[in-house]
Structure formats: structure tokens, C-alpha cells
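J.: Structure in C-alpha cells, see below.
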Amino acid sequence: MDSREYAFEGAEPDIHGYAHVSREATVVGDVAVGPTSPRSTAPVEVGRETAIGDGAILHASTVGEKVMVGHGAVLNDADVKDGALVGFNSTVSDAIIGRGSIVAMGTVVPPGYEVPPESFVRGSPAQVTPLSETTIDPDEVFEAFSSGDYANLAARHEDLFE
């Protein structure tokens, strides 16, 4: 097998014999990789204390520190600055998401957008509003997305990588 596979909380990875999984990849728990799974060769950088949701796709993107990327989000040639949140099933392509901004679920941020810091982004195509002009409490949003089982997930995996 070309990857490091680890069981976690009773579930083991299921990687098809013809799947393309890098030798350097680590696959943990309840993960299935089929025979036609694509490979990414472009660089991806992810900052410390950043959470990347299940099924998110990152290609040639930079994600800052303390960022939350929701399940199913797609980042392609994106630059997501520190403290931002990219909601579930959002797409950010060849764009910059400013520090502390919130991208709503299902938003499409097309190429060329430069979202200013502390903005609220929603819609398809994206519309940008300064957070200060909304009733959104960013601290409340981040607390909602960082609580529950996700908050301690890294600690629960710790013994796998000793």
C-alpha cells in the first residue's frame, strides 16, 4: 500500500487497489477512496489551527491560520486569509478572501474577486457586504462552527501519530 492508513474509533480506511493515493498521504478512519480519485499536483498551504471540512477540495490554494473551510467547499487558486470562514459547499476560484471574512454556505466567489477584510460574502455570484453593516456576530458564527466534536477531534487523533 502506498499510504499510511490508520483505524480510528472502530472504522478503517477503504482504499481501492487502483486508487491514486500519495505515499505521503495519511488516511484516517471512515474514509473510502475509489479507483478514479483524482490527484493534485499543485501546491496547497494550510496554516496552523485551521479546520478543513470533509469532502473539501483544495487545489493550488493558500489557507491562513485559524480558518474554517466547510464540508464540500472548493478552493481553486484561492488565497484565504487568517480567521476567515468559508461555508459548506462554497466555491472560491482564483480569488482572495480577506482576513476575518465569512463566506456563506453555497456561495460562488468567481475569479478576480478580492474580498476585503471582515466582510460577509453570499450568493452566486458573490455579493460582498462589510460585516459592520450586517447583524452578523462573527464571534457567534465562529463559536457555532468550532464547537462540539470538532473542537476535540485533533486531540482524539493524537495517539495515532506518536
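The values are calculated or read from the model by the stated rules, or taken from the named source; none is laboratory data. Just so you know, these numbers come straight off a predicted model, no measurement behind them. Positions of Cβ are generated from backbone atoms using ideal geometry, with glycine treated the same way; all protein chains shown enter the neighbour counts.
J.: Checking residue 55 against (1) in a strand (DSSP E or B); (2) at pLDDT below 90, which single condition isn't satisfied?
T.: With (1) in a strand (DSSP E or B); (2) at pLDDT below 90 applied to residue 55, the lone miss is (1).
J.: Could you grab me the full set of residues in segment 56-90 that are more than 11 Å from the chain's Cα centre (by Cα) and polar (S, T, N, Q)?
T.: Scanning segment 56-90 gives a single hit, 76.
J.: Looking at segment 124-140, which of its residues are aliphatic (A, V, I, L, M) and out of contact with any Lys or Arg (no Cβ under 9 Å at 6 or more places or on another chain)?
T.: 126, 131, 136
J.: Looking only at residues in segment 84-101 that are of a type outside the set (Ser, Thr, Tyr) and surrounded by 22 or more Cβ atoms within 10 Å (Cβ to Cβ), which one is farthest from residue 139 (Cα to Cα)?
T.: Only one residue fits best here, namely 95.
J.: Considering segment 62-108 alone, what residues qualify as being polar (S, T, N, Q) and touching a residue at least 24 places away in the same chain (Cβ under 8 Å)?
T.: If the condition is that a residue be polar (S, T, N, Q) and touching a residue at least 24 places away in the same chain (Cβ under 8 Å), then 101 is the only one that fits.
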